[in-house]
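A short write-up of the structure that comes next.
The values are calculated or read from the model by the stated rules, or taken from the named source; none is laboratory data. What you see is a predicted model; the values in this text were computed from it and never measured. Please note: Cβ atoms are built from the backbone with ideal geometry, for glycine as well, and neighbour counts cover all protein chains shown.
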Amino acid sequence: MIQLTQGGAWLLNGTEIIPDSGDAAAQIKNKTGKEISKDGAAKNTIAYGILEQHNTSGNMEKLKIKFDKLTSHDITFVGIIQTARASGLTKFPIPYVLTNCHNSLCAVGGTINEDDHMFGLTCAKRYGGVYVPPHQAVIHQYAREMLAGGGRMILGSDSHTRYGALGTMAMGEGGPELVKQLLSQTYDINMPDVVGVYLTGEPVKGVGPQDVALAIIGAVFGNGYVKNKVMEFVGPGVASLSADFRIGIDVMTTETTCLSSIWRTDEQIKEFYDIHGRAEEYRELNPGEVAYYDGMITVDLSKIRPMIAMPFHPSNTYTIDEVNANLKDVLHDVEERAKVSLDGAVPYSLQDKIVDGKFMVDQGIIAGCAGGGFENICAAADILRGSYIGSDGFTLSVYPASMPVYMELIKNGCAAAILETGAVLKTAFCGPCFGAGDTPANNAFSIRHSTRNFPNREGSKLQNGQISSVALMDARSIAATAANRGVLTPATEYDGEIGKYKYHFDAYIYKNRVFDSKGVADESVEIQFGPNIKDWPAMGALPENLVLRVVSEIHDPVTTTDELIPSGETSSYRSNPLGLAEFTLSRKDPEYVGRAKDIQRAEKARMQGEHPCQAHPDVKPVMDVVKKTFADASHENTGFGSTIFAVKPGDGSAREQAASCQKVLGGWANIANEYATKRYRSNLINWGMLPFLIESGKLPFKNLDYLFFPGIRKAVEEKAETIEAYRVSVEEGTLQPFSLTLGELTDEERQIILKGCLINYNRVE
């Protein structure tokens, strides 16, 4: 079904794979009559060509990318614009689209959410942007319909910014990376590896894009095969997939931890642009005659079967048939994984979901950028047609990804077919993907065509004794399960017809409702603020030395951004840095906030010119030990704050608040064995936090220990390969040495850390 090469691979004429072995060059010369180096062939990937066109450094090993367009939603754009305004923003220099699809409901927090929306609208007017009102479209569907273009690059402040199927290299990053683009700076990365995804065959009836995506995620997440790399989809199987099908696979590449994605394009993609009235944006993209890839994933589409990602990660994949055939064993495995994911905080069992030998599901959701596409919902409607979900506990909700999609479903009758079953059709909203809508009952099991199924991602709260489960599935199998009154059922068991529906895009829906400045800024417009929209607190520069207290120690194999700063109930506070910070690590370590604020008192006193020992009783005994060896260390040149240790933090969302909340509470660093994603590490750096790396194994410190970093500022300035650090033992009166590294940092990243954060780096007084 899926095979991974152990090394690189050559692709000839887009159709023949030659593994990178000792005689590969000879085979290529024999077949093509040409000699080509590996480096030369690597330049023939689609990804290389697009990156080269957008690189401003003149050095393809060290890229400085300028994007064509930017996009954000309503729990990210306020912080981004506020940060850019602090640095002198006067106009959006490139098209910037502000969508409103996360806090759309305005149901929590009084006027908070709608205040954010009005902030966005007035900023779009003042700075020359585009504003998409609530319920019109989820961020990525609007980008597909109105922003994507062949050979272009788009940067979004949402991790699922992926438009590769349409020929657009798109990346999801934390807000500070968008701030850099708004200030005409660049996105700086090393030239990424490019991994080919070679598709053959075509899917059987009942298999949808989520099935293909989950099969790939299951094969590559755990081994890091595509981590921080570009996935390039090629091969004859691409032609067998519609544009919507490709989009559905593409958006889920984020869950592999890849950097970005790109696909070869053809007449089906040309038709997509024609339908949306943007024929000029189509560009045919193919790899060169001989292309070299740093790895190759071969996928036989005909062998993919309906998949399910069981709790609590998109990579925990099985075929639905496997689950049904081995129910007790699979559910036991999930329960064992839950002991790690949930830290035993609540009782968790799935055995009661087995009724008469069958797995009973409590809820179905088809939603968002992954599930809410036109073809997914039409296929679900066909499978559901004539069935009824029943009047028991099972529920089904369907969220079309945009109003134009919703309109077409009404016109072609699919909306009526869905509603007749007892299901509910709702407006474009991302809520079910991050816990702000359709939260299941305690201990309920929800199957969702959405993006993630992390613990509590669906909205339950461990701190309140609640837990429910989400499994990811394709819309087709969700519909088959709904038609079977909640019995887990693969869509391949459906023996009726799944039709092919023609899509007609109604452009007037957006023309009549979306504000588009056409890039014209109007400085006379006053920005509308609400009482919850707060400026960032003052942040100091990196001092000469640091004393950091470890205030949280996390040994889970992976720590998600949802665990670092929860989604769902916290969304209304994304425009209020101090208010949001109160939720930091609340689901993983409820004592974190108090401990971080406790040691922060010392730094606040120091910044105000007071002696920090007057603010915190630990300062004097810690500094007494430090001064035995480092006599020059003092409260004038030594900063105080907190750090956390996590094995592999940062999987999941691009949300910058996973880092900024720690910074607001006095965090100066993370210490990790590795970082799950580039975007989380970038968020740390952009908020002036040191992204320390330490070798896995026995830690030289434990939670609540104090650590001393002498000459840390000088080490950053002089690009020290190893960072000298000490555990401070007050009881023994000694410093116990250990070492860390910072990994590779660009010169700009070093300056951001030295200044204390990106705001300080760019600030215009």
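Of all residues in region 54-68, which are touching a helix residue (DSSP H, G or I) at 6+ places or on another chain (Cβ under 8 Å) and outside any loop (DSSP other than H, G, I, E, B)?
First, the residues of region 54-68 that are touching a helix residue (DSSP H, G or I) at 6+ places or on another chain (Cβ under 8 Å): 60, 63, 65-68.
Within region 54-68, LEU63, ILE65 meet the criteria.
Restrict the check to region 321-331 and report whether at least one residue is under 21 Å from VAL251 (Cβ atoms), part of a loop (DSSP other than H, G, I, E, B) and not assigned by TED's automatic domain parsing to the domain that holds PRO236. If you could, list the steps in order and put the result at the bottom.
Our first condition is that a residue be under 21 Å from VAL251 (Cβ atoms); within region 321-331, this holds for none.
No, there is no match, as no residue in region 321-331 is under 21 Å from VAL251 (Cβ atoms), part of a loop (DSSP other than H, G, I, E, B) and not assigned by TED's automatic domain parsing to the domain that holds PRO236.
For region 542-558, does any single residue satisfy the condition of being hydroxyl-bearing (Ser, Thr, Tyr), in contact (Cβ under 8 Å) with a residue 12 or more places away in the chain and under 25 Å from LEU472 (Cβ atoms)? Lay out the reasoning, then the answer.
Restricting attention to region 542-558, the residues satisfying the condition of being hydroxyl-bearing (Ser, Thr, Tyr) are 552.
Now restrict to residues that are in contact (Cβ under 8 Å) with a residue 12 or more places away in the chain: 552.
Pick out the ones that are also under 25 Å from LEU472 (Cβ atoms) and you get none.
Checked against the condition, which is being hydroxyl-bearing (Ser, Thr, Tyr), in contact (Cβ under 8 Å) with a residue 12 or more places away in the chain and under 25 Å from LEU472 (Cβ atoms), region 542-558 yields no hits at all.
Just name the residue that is nearest to ASN113 (Cα to Cα) out of those in region 455-475 that are of a type outside the set (S, T, N, Q), crowded, with 24+ Cβ neighbours inside 10 Å and in contact with a helix residue (DSSP H, G or I) (Cβ under 7 Å, 6 or more places away or on another chain).
Among those that are of a type outside the set (S, T, N, Q), crowded, with 24+ Cβ neighbours inside 10 Å and in contact with a helix residue (DSSP H, G or I) (Cβ under 7 Å, 6 or more places away or on another chain), it is ARG457.
Give, as residue ranges, the strands (runs of 3 or more DSSP E) completely inside region 648-695 that count at least 1 residues that are modelled with pLDDT under 95. Write out each step before concluding.
Details: elements: 649-651, 667-672, 690-693.
Result: 649-651.
State which residue is surrounded by the fewest Cβ atoms within 10 Å (Cβ to Cβ) when the search covers only region 376-394 and only residues that are of a type in the set (Val, Ile, Thr) and more than 11 Å from GLU497 (Cα to Cα). Break it down into steps so the answer makes sense when it comes.
Pass one, region 376-394, residues of a type in the set (Val, Ile, Thr): 377, 383, 389.
Applying the additional criterion that residues be more than 11 Å from GLU497 (Cα to Cα) yields 377, 389.
Working: ILE377: 30, ILE389: 21.
Filtering first and then ranking leaves ILE389.
Collect the residues in region 708-724 that are touching a residue at least 60 places away in the same chain (Cβ under 8 Å) and surrounded by fewer than 24 Cβ atoms within 10 Å (Cβ to Cβ), keeping them in residue-number order. Reasoning before the result, please.
Going through region 708-724, the residues touching a residue at least 60 places away in the same chain (Cβ under 8 Å) turn out to be 708-714, 716.
Selection gives PRO710, GLY711, ARG713, LYS714, VAL716.
From the residues in region 353-362 that are in contact (Cβ under 8 Å) with a residue 24 or more places away in the chain and not in a loop (DSSP other than H, G, I, E, B), which one is farthest from GLY465 (Cα to Cα)?
So in region 353-362, the residues in contact (Cβ under 8 Å) with a residue 24 or more places away in the chain come out as 353-354, 357-362.
Cutting the leftovers down to not in a loop (DSSP other than H, G, I, E, B) gives us 353-354, 358-360.
Working: LYS353: 20, ILE354: 23, LYS358: 27, PHE359: 24, MET360: 23 Å.
The extreme case among them is LYS358.
Go through the residues of region 311-325 one by one and say whether even a single one is of a type outside the set (Asp, Glu), in contact with a Gly (Cβ under 7 Å, 6 or more places away or on another chain), modelled with pLDDT of 95 or more and within 26 Å of THR256 (Cα to Cα). Let's see the steps before the verdict.
Looking only at region 311-325, we keep the residues that are of a type outside the set (Asp, Glu), and these are 311-320, 323-325.
Next, only the ones that are in contact with a Gly (Cβ under 7 Å, 6 or more places away or on another chain) stay: 315, 317.
Add one more test, that the residue is modelled with pLDDT of 95 or more, and what stays is 317.
Still in the list and also within 26 Å of THR256 (Cα to Cα): 317.
For region 311-325, residues of a type outside the set (Asp, Glu), in contact with a Gly (Cβ under 7 Å, 6 or more places away or on another chain), modelled with pLDDT of 95 or more and within 26 Å of THR256 (Cα to Cα): present.
When you scan region 614-629, do you find a residue that is surrounded by 18 or more Cβ atoms within 10 Å (Cβ to Cβ), modelled with pLDDT of 95 or more and assigned to a strand (DSSP E or B), even just one?
no
Go through region 634-645 and report how many residues are crowded, with 19+ Cβ neighbours inside 10 Å, in contact with a Lys or Arg (Cβ under 9 Å, 6 or more places away or on another chain) and not aromatic (Phe, Trp, Tyr).
Counting residues in region 634-645 that are crowded, with 19+ Cβ neighbours inside 10 Å, in contact with a Lys or Arg (Cβ under 9 Å, 6 or more places away or on another chain) and not aromatic (Phe, Trp, Tyr) gives 6.
Would you check if VAL226 is surrounded by fewer than 24 Cβ atoms within 10 Å (Cβ to Cβ) and farther than 20 Å from PHE312 by Cα? Please lay out each step first, then the result.
Values: surrounded by fewer than 24 Cβ atoms within 10 Å (Cβ to Cβ): no; farther than 20 Å from PHE312 by Cα: yes.
No; evaluated as a whole, the condition is false for this residue.
Out of GLY201, GLY248, GLY235, I need the residue that is over 20 Å from TYR163 (Cα atoms) and assigned by TED's automatic domain parsing to the domain that holds GLU284. Which one? Explain how you work it out, then say what you get.
Working: GLY248 fails: over 20 Å from TYR163 (Cα atoms); GLY235 fails: over 20 Å from TYR163 (Cα atoms).
Only one candidate passes the filter, namely GLY201.
Among the numbered conditions (1) hydroxyl-bearing (Ser, Thr, Tyr); (2) surrounded by fewer than 24 Cβ atoms within 10 Å (Cβ to Cβ); (3) assigned to a loop (DSSP other than H, G, I, E, B), tell me where SER104 comes up short.
(2)
Could you pull out the residue among VAL230, VAL197, VAL234 that is under 28 Å from ASP39 (Cβ atoms), at pLDDT 95 or above and touching a Cys at 6+ places or on another chain (Cβ under 9 Å)? Break it down into steps so the answer makes sense when it comes.
Numbers: VAL197 fails: touching a Cys at 6+ places or on another chain (Cβ under 9 Å); VAL234 fails: touching a Cys at 6+ places or on another chain (Cβ under 9 Å).
One residue alone meets the criteria, VAL230.
With the requirement that a residue be touching a residue at least 60 places away in the same chain (Cβ under 8 Å) and outside any loop (DSSP other than H, G, I, E, B), what does region 505-538 give you?
ILE509, TYR510, PHE515, ASP516 - these are the residues of region 505-538 that are touching a residue at least 60 places away in the same chain (Cβ under 8 Å) and outside any loop (DSSP other than H, G, I, E, B).
Considering ILE685, ILE723, which residue is touching a Leu at 6+ places or on another chain (Cβ under 9 Å), under 21 Å from ARG655 (Cβ atoms) and either in the same structural domain as VAL622 (by TED's automatic domain parsing) or of a type outside the set (D, E, K, R) (or both)? It would help to see each step written out before you state the result.
On the way: ILE723 fails: under 21 Å from ARG655 (Cβ atoms).
After applying the criteria, what remains is ILE685.
Of all residues in region 731-761, count the ones that are modelled with pLDDT of 95 or more and either outside the structural domain of LEU690 (by TED's automatic domain parsing) or among the β-branched types (Val, Ile, Thr) (or both).
4
Being surrounded by 14 or more Cβ atoms within 10 Å (Cβ to Cβ), within 24 Å of LEU285 (Cβ to Cβ) and within 31 Å of the chain's Cα centre (by Cα) is true for just one of ILE28, ILE36, ILE46, ILE18. Which residue is that?
Only one candidate qualifies: ILE46.
Filter region 552-573 for residues that are part of a loop (DSSP other than H, G, I, E, B), out of contact with any helix residue (DSSP H, G or I) (no Cβ under 6 Å at 6 or more places or on another chain) and under 30 Å from GLU114 (Cα atoms) and give the result.
PRO566
Going through region 626-647 one residue at a time, which ones are touching a Phe, Trp or Tyr at 6+ places or on another chain (Cβ under 6 Å) and either among the hydrophobic types (A, V, I, L, M, F, W, C) or over 24 Å from LYS663 (Cβ atoms) (or both)?
VAL626 - this is the single residue of region 626-647 that is touching a Phe, Trp or Tyr at 6+ places or on another chain (Cβ under 6 Å) and either among the hydrophobic types (A, V, I, L, M, F, W, C) or over 24 Å from LYS663 (Cβ atoms) (or both).
Among the listed residues LEU409, LEU419, which satisfies the condition of being out of contact with any Asp or Glu (no Cβ under 7 Å at 6 or more places or on another chain), without any contact (Cβ under 8 Å) to a residue 12 or more places away in the chain, surrounded by fewer than 24 Cβ atoms within 10 Å (Cβ to Cβ) and not basic (Lys, Arg)? Steps first, answer last, please.
Numbers: LEU409 fails: without any contact (Cβ under 8 Å) to a residue 12 or more places away in the chain.
Every option except LEU419 fails the conditions.
Specify the residue that is surrounded by the most Cβ atoms within 10 Å (Cβ to Cβ); the eligible residues are those in region 520-572 that are acidic (Asp, Glu) and over 26 Å from the mean Cα position of the chain (by Cα). Break it down stepwise before answering.
Step one: filter region 520-572 for residues acidic (Asp, Glu), giving 522-523, 526, 535, 544, 553, 556, 562-563, 569.
Adding the requirement that they be over 26 Å from the mean Cα position of the chain (by Cα) leaves 522-523, 526, 544.
Details: ASP522: 13, GLU523: 11, GLU526: 9, GLU544: 17.
Among residues in region 520-572 that are acidic (Asp, Glu) and over 26 Å from the mean Cα position of the chain (by Cα), the one surrounded by the most Cβ atoms within 10 Å (Cβ to Cβ) is GLU544.
Let's see how each residue does on (1) over 26 Å from the mean Cα position of the chain (by Cα); (2) part of a strand (DSSP E or B); (3) assigned by TED's automatic domain parsing to the domain that holds GLY465; (4) under 26 Å from ASP506 (Cα atoms):
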site	(1), (2), (3), (4)
ALA380	yes, no, yes, yes
GLY393	yes, no, yes, no
LEU409	yes, no, yes, yes
GLY422	yes, no, yes, no
ALA428	no, no, yes, yes
ASP438	no, no, yes, no
